[in-house]
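Written out below as structure tokens is the structure these notes cover.
Please treat every number below as a calculation from the coordinates, not as lab data. Since the model is a prediction, treat every value here as computed from it, not as a measurement. All Cβ positions, even for glycine, are placed from backbone atoms using ideal geometry, and neighbour counts span all protein chains on display.
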């Protein structure tokens with residue numbers, strides 16, 4: 001489920017995905033690994049530490065190799081961004097980060113990602129705010145984040161199921 005809203009200065013959006021049968025305490029460590037995003041986000045080839053310690057505010061990651069909804073067919077240059085962890089609260093299972101550099105046109109981008117418990121599993125919520133992105137429409141950004149989050153949720157759910165099946169075997 002995705003919700004979008006456009007303000008004059010910034011785009012704002014929220015995406016959610018549900019992980020059935022997965023507890024929030026199982027999913028949180030997968031997201032808390034700030035330098036491990038490439039394990040879960042679709043088409044993200046690289047997530048490399050640039051500075052700091054993963055999971056500590058101020059750490060920076062370099063992410064590259066992802067596709068966006070505005071990429072032209074046959075595009076030759078590599079999409080990349082640097083993201084800085086702004087805050088993290090493992091008790092509330094929430095963190096915020098900002099894009100601090102990159103070549104995809106995101107300026108003043110800040111996201112908050114949280115894992116929320118539900119009766120039949122948990123939900124990952126990704127809230128974002130960014131200045132208008134040249135060449136994009138808000139719907140493209142919502143699609144990019146929403147579909148990426150859905151795929152992340154499916155991958156995490158699959159990995160946790162595989163682990164549980166292996167332990168039971």
* Could you grab me the full set of residues in the range 104-122 that are closer than 21 Å to residue 34 by Cβ and surrounded by fewer than 18 Cβ atoms within 10 Å (Cβ to Cβ)? => 108, 110, 112, 116
* Asked: Which one of these does residue 23 not meet: (1) surrounded by 14 or more Cβ atoms within 10 Å (Cβ to Cβ); (2) in contact with a strand residue (DSSP E or B) (Cβ under 8 Å, 6 or more places away or on another chain); (3) closer than 17 Å to residue 149 by Cβ; (4) touching a residue at least 60 places away in the same chain (Cβ under 8 Å)?
  -> (3)
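Would you tally the residues in the range 79-124 being in a strand (DSSP E or B) and in contact with a strand residue (DSSP E or B) (Cβ under 6 Å, 6 or more places away or on another chain)?
29
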* Considering the range 125-145 alone, what residues qualify as being out of contact with any strand residue (DSSP E or B) (no Cβ under 8 Å at 6 or more places or on another chain), buried (at least 16 other Cβ atoms within 10 Å of the Cβ) and part of a loop (DSSP other than H, G, I, E, B)? -> 136
* Structure fact -> Subset of the range 84-104, residues within 15 Å of the chain's Cα centre (by Cα) and closer than 14 Å to residue 116 by Cβ, comes to 93, 94, 95
* Quickly run through the range 37-54 and pick out the residues that are in contact with a strand residue (DSSP E or B) (Cβ under 7 Å, 6 or more places away or on another chain), buried (at least 17 other Cβ atoms within 10 Å of the Cβ) and not in a strand (DSSP E or B). => 37, 38, 44
